[in-house]
Amino acid sequence: MAEEQKESLENEVPIRIEGFDEVPITHVNHIFVVHTTDEFFVTFAQLHPPYWVEPTKEEMEQLTHLSAKVVARIALSPGKMKELIDVLNTNYQKFTRKKEGV
């Protein structure tokens, strides 16, 4: 009986991702990553430059920082971070090959 239970636990069950329509797509143009010994923390933000058509010298001198609004944060184990990097690399390679017509 224990053999059968172990065998059934080892079978892979497909994962169905749900909720795509419930979560808005958010533009991100800045990413911060920090880590501890056990986890990676990835912060996604929107960096907004000043809305100047032609900034004056005085405006540029008064600019002390740019603001980045955080839109999402995720924490990943080292294994999941590696998986994310691999998935991103694979997809980026497919994207560039398609774009270059290879």
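For region 52-74, a residue qualifies if it is of a type in the set (A, V, I, L, M) and surrounded by 10 or more Cβ atoms within 10 Å (Cβ to Cβ), and the qualifying residues are Met60, Leu63, Leu66, Ala68, Val70, Val71, Ala72, Ile74.
Of all residues in region 75-91, one or more are modelled with pLDDT of 95 or more, surrounded by fewer than 10 Cβ atoms within 10 Å (Cβ to Cβ) and not hydrophobic (A, V, I, L, M, F, W, C).
The values are calculated or read from the model by the stated rules, or taken from the named source; none is laboratory data. Quantities reported herein were computed from a predicted structural model and do not represent experimental measurements. All Cβ positions, glycine included, derive from the backbone under ideal geometry; neighbour counts span all protein chains shown.
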